[in-house]
1. Just to be sure before I move on: is D73 in a helix (DSSP H, G or I), farther than 18 Å from F105 by Cα and not polar (S, T, N, Q) in the structure I sent?
2. With respect to the numbered conditions (1) more than 28 Å from E119 (Cα to Cα); (2) outside any strand (DSSP E or B), which one is the sole condition not fulfilled by H39?
3. Quick one: G46 ticks every box in (1) out of contact with any helix residue (DSSP H, G or I) (no Cβ under 7 Å at 6 or more places or on another chain); (2) on the phi < 0 side of the Ramachandran plot; (3) part of a loop (DSSP other than H, G, I, E, B) except a single one, so which number is it?
4. Being more than 26 Å from A12 (Cβ to Cβ) and in a strand (DSSP E or B) is true for just one of I87, I81. Which residue is that?
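All of the numbers you see were taken from the coordinates with simple rules; none came from a lab. Computed from a predicted structure; not experimentally measured. Glycine also receives a Cβ, built like all others from the backbone with ideal geometry; neighbour counts cover every protein chain displayed.
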Amino acid sequence: MPTVENEVVINAPVHQIYDYVSKTSNLMQVWPSLLEITHETLLPNGGYSYRWKYKMAGIRLSGIGECIQLVPDALLISKNIGDLESIVTFKFQSYNNRTRVSLTFLYKLPGILSNQLTENIVLRMNSKEAGLILDNLRIMFEDSVSPVPVPDKANHQTGPN
C-alpha cells in the first residue's frame, strides 16, 4: 500500500490546530482534492463519521469514513472506505506555543489507478498534496487576523443520517 508522509511546524497552540483538524468538514478549507464532506456526525469517541467525495488524478471517488482513534491534542486517525480505502493520520506535538503537525496517508489505489506507472504518478501527486494541505493549514493559522473559529462539538450534526 502506498504511503505518503509530511510535516510542518505552525506558530499556533496545539489545541487550536487539533480542534480545527478534528472536525472533518474543516479539512475542505485546506485539502484541495477533498470535494465534499456530508452526513458528518459526532461519535461517542469525540471524532466524526462522514461521507466524502474526493478527486485523485482526475478521477472522482466517494465513500464513508470515521475517526477510529484520537488522543486530544496529540493524535487523530481516520479510516475511509469506498472507491478509495485509506488511513489518514494526523499527529500533533506541542513545544513553545508552536505545533508540529505530521500527516500520513496509507491507501489502496482504486483499480482504475493501480498500474505501476499510474501508481508512481499518483504517489508523487499525493506527496505534493500532503505538503499543500499542511502549508494551507499553516497559512490559515499564522496569517489569519483573528483566531480560526472552532465549532462546539456538543450536539453537532450536519446533514441527514
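1. The answer is no for D73.
2. Here H39 clears every test but (2).
3. Only one criterion is unmet by G46, namely (2).
4. Within the list I87, I81, the selection yields I81.
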